[in-house]
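Step one of this worksheet: look at the structure below.
The values are calculated or read from the model by the stated rules, or taken from the named source; none is laboratory data. Source: prediction; values computed, not measured. Cβ placement follows ideal geometry from the backbone for every residue including glycine, while neighbour counts extend to all protein chains displayed. Heads up: the accessible areas ignore ligands, DNA and RNA and are worked out on the full protein's heavy atoms, side chains in. Shrake-Rupley method; radii C 1.70, N 1.55, O 1.52, S 1.80 Å.
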Amino acid sequence: MQEQWLQQIQASQNLTTLDDLRVNLLGKSGLVTQQLKTLGALAPEERKAKGAEINALKDQIALAIEEKKIILEAQALDLRLANEKIDITLPSRPESTGKIHPISKATQDITQYFSQLGFQVFDGPHVETQELNFDALNIPAHHPARQSQDTFYVSGSNDILRTQTSPVQIRTLRNHKPPIRFLAPGRVFRSDDLDATHTPMFHQLEGVVIEEGINFSHLKGALIDFFSWFFENPNTNLRFRPSFFPFTEPSAEVDILWKNGKWLEMGGCGMMHPKVLRNCDIDPDQFQGFAFGMGIERLTMLKYGIDDIRSFYDGDTRWLDLYGFGAQS
Ligand code: DAH
């Protein structure tokens, strides 16, 4: 029996069978334990000799199991190490770093350009009073732009989401006296339908110059230079179309001649209306000025050939790659 049991222990393939064997031999009702229980029926002399023999056997088996266990545990560990190993020589996955959004880039480029010409940058709140967004800009209460189809009204208040960056003209000119040149880039909101060229939120860029002796030719020169720089074409052709804005007089819409021979509207502009200057406590007989306003999305779409305004806000970084704004990896 002893030889057979020791062989079984040696032949155990894994820790489970080894432990089963241990229970079968040394457990409470194990074979060796049963032998020990037979001792009681023997005569004292015989019991002593037999008892020593069985205990020696028990120790031998316990030792054999212990040794086998160490071997099987080592084998199991080797197997796990072999299966679960990590290849640390594999190259890591590429990590991409964020890059500037086209709207932010255009805004930064444009403000940098104008800052070289002495323009400061001012900002205003998105939730604006009707007084600053409309009245002070000479937009009367009955003007269609003030209707709720076009303007987001803030419920429980007289305020609105600003529909244009022009209220920053008033905010700035009430606090900073001319001579002054400034830009006001930022978000504006209109309850427009969502399609390839309209979103309820977009970005505008307002520009204002108020100095003594400013006239329309300064406005023309400034915009010709700006568009030539922005579209990287020194021969950029501009057209000023007579138009109407309540806060400028005269007013014009400015078009540029695009590659396909088409005129494309870029924004509005004009000479500061005397009423607006007076609303800001500026004497129109002393100071004159011009203002312009344009859509930053529109400029950016034309410059980079982007055809759907909604893609600016989709948050799909693959789109940035398409237009060369992509994240670097
Ligand atoms: N605020 C006008 C708009 O949203 C754009 C504009 C036109 C701004 C003429 C100006 C300007 O400063 O002089 O349609």
Exercise. Would you confirm whether any residue within region 76-94 is surrounded by 10 or more Cβ atoms within 10 Å (Cβ to Cβ) and in a loop (DSSP other than H, G, I, E, B)?
Key: no
Self-check item: Conditions (1) open to solvent by less than 100 Å² (accessible area, probe 1.4 Å); (2) over 30 Å from GLU232 (Cα atoms); (3) not in a helix (DSSP H, G or I); number of the one not met by LEU117
Solution: (2)
Exercise. All but one of (1) buried (at least 20 other Cβ atoms within 10 Å of the Cβ); (2) of a type outside the set (Lys, Arg); (3) more than 22 Å from TYR304 (Cβ to Cβ) hold for GLY207, so report the exception by its number.
Key: (3)
Quiz item: How many of the residues making up region 9-34 are open to solvent by less than 80 Å² (accessible area, probe 1.4 Å), assigned to a helix (DSSP H, G or I) and touching a helix residue (DSSP H, G or I) at 6+ places or on another chain (Cβ under 9 Å)?
Solution: 12
Quiz prompt | Number of the condition not met by GLY289 [criteria: (1) of a type outside the set (Phe, Trp, Tyr); (2) within 16 Å of the ligand (Cβ to nearest atom); (3) part of a helix (DSSP H, G or I)] | solution = (3)
Self-check item: Checking THR165 against (1) open to solvent by 30 Å² or more (accessible area, probe 1.4 Å); (2) modelled with pLDDT of 95 or more, the condition it does not meet
Solution: (1)
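Being hydrophobic (A, V, I, L, M, F, W, C), farther than 26 Å from GLY324 by Cα and at pLDDT below 95 is the filter here; which residues of region 84-127 pass it?
ILE86, ILE88, LEU90 - these are the residues of region 84-127 that are hydrophobic (A, V, I, L, M, F, W, C), farther than 26 Å from GLY324 by Cα and at pLDDT below 95.
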Practice problem: Could you please tell me which pairs satisfy a Cβ distance under 8 Å, a separation of 6+ or placement on different chains, a first residue in region 54-73 that is in the same structural domain as LYS37 (by TED's automatic domain parsing), and a second residue that is of a type in the set (Gly, Ala, Ser)? | Solution: LYS68/SER12; LEU72/SER12
Quiz item: Only one of THR151, THR197 is touching a residue at least 40 places away in the same chain (Cβ under 8 Å), assigned by TED's automatic domain parsing to the domain that holds PHE292, over 18 Å from PHE292 (Cα atoms) and in contact with a helix residue (DSSP H, G or I) (Cβ under 6 Å, 6 or more places away or on another chain); which?
Solution: THR197
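Of everything in region 210-232 that's in contact with a helix residue (DSSP H, G or I) (Cβ under 8 Å, 6 or more places away or on another chain) and over 27 Å from PRO140 (Cβ atoms), which residue is most open to solvent (accessible area, probe 1.4 Å)?
Quick first cut of region 210-232, residues in contact with a helix residue (DSSP H, G or I) (Cβ under 8 Å, 6 or more places away or on another chain) only: 210, 226, 229-231.
Add one more test, that the residue is over 27 Å from PRO140 (Cβ atoms), and what stays is 226, 229-231.
Values: PHE226: 0, TRP229: 95, PHE230: 4, PHE231: 33 Å².
My answer is TRP229.
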Exercise. Please find, among GLY207, GLY186, the residue that is within 14 Å of the ligand (Cβ to nearest atom), touching a Cys at 6+ places or on another chain (Cβ under 9 Å) and either in contact (Cβ under 8 Å) with a residue 12 or more places away in the chain or not aliphatic (A, V, I, L, M) (or both).
Key: GLY207
Practice problem: Please give the number of the condition HIS142 fails out of (1) within 30 Å of ILE282 (Cβ to Cβ); (2) within 16 Å of the ligand (Cβ to nearest atom); (3) surrounded by fewer than 18 Cβ atoms within 10 Å (Cβ to Cβ); (4) at pLDDT below 95. | Solution: (2)
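Do we have ARG278 as away from the ligand (no atom under 16 Å from the Cβ) and free of Cβ contacts under 8 Å to residues at least 40 places away in the same chain here?
Spelling it out, ARG278 is indeed away from the ligand (no atom under 16 Å from the Cβ) and free of Cβ contacts under 8 Å to residues at least 40 places away in the same chain.
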Quiz item: Do we have any residue at all in region 250-261 that's open to solvent by 30 Å² or more (accessible area, probe 1.4 Å), more than 16 Å from the ligand (Cβ to nearest atom), over 27 Å from HIS218 (Cα atoms) and over 35 Å from the mean Cα position of the chain (by Cα)?
Solution: yes
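Residues checked against (1) at pLDDT 90 or above; (2) open to solvent by less than 30 Å² (accessible area, probe 1.4 Å); (3) within 19 Å of GLN164 (Cβ to Cβ):
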{"position": "CYS280", "(1), (2), (3)": "yes, yes, yes"}
{"position": "PHE290", "(1), (2), (3)": "yes, yes, yes"}
{"position": "MET294", "(1), (2), (3)": "yes, yes, yes"}
{"position": "GLU297", "(1), (2), (3)": "yes, yes, yes"}
{"position": "SER311", "(1), (2), (3)": "yes, yes, no"}
{"position": "LEU320", "(1), (2), (3)": "no, yes, no"}
{"position": "GLN328", "(1), (2), (3)": "no, no, no"}
Exercise. Give region 168-177 a look and list any residue that's surrounded by fewer than 24 Cβ atoms within 10 Å (Cβ to Cβ) and touching a Gly at 6+ places or on another chain (Cβ under 7 Å), or say none.
Key: ARG171
Quiz item: Pairs, please: C-beta under 8 Å, at least 6 apart or cross-chain, first residue within 18 Å of PHE290 (Cβ to Cβ) and in region 219-235, second open to solvent by less than 90 Å² (accessible area, probe 1.4 Å) and of a type in the set (Gly, Ala, Ser)?
Solution: LEU219/GLY270; ALA222/GLY207
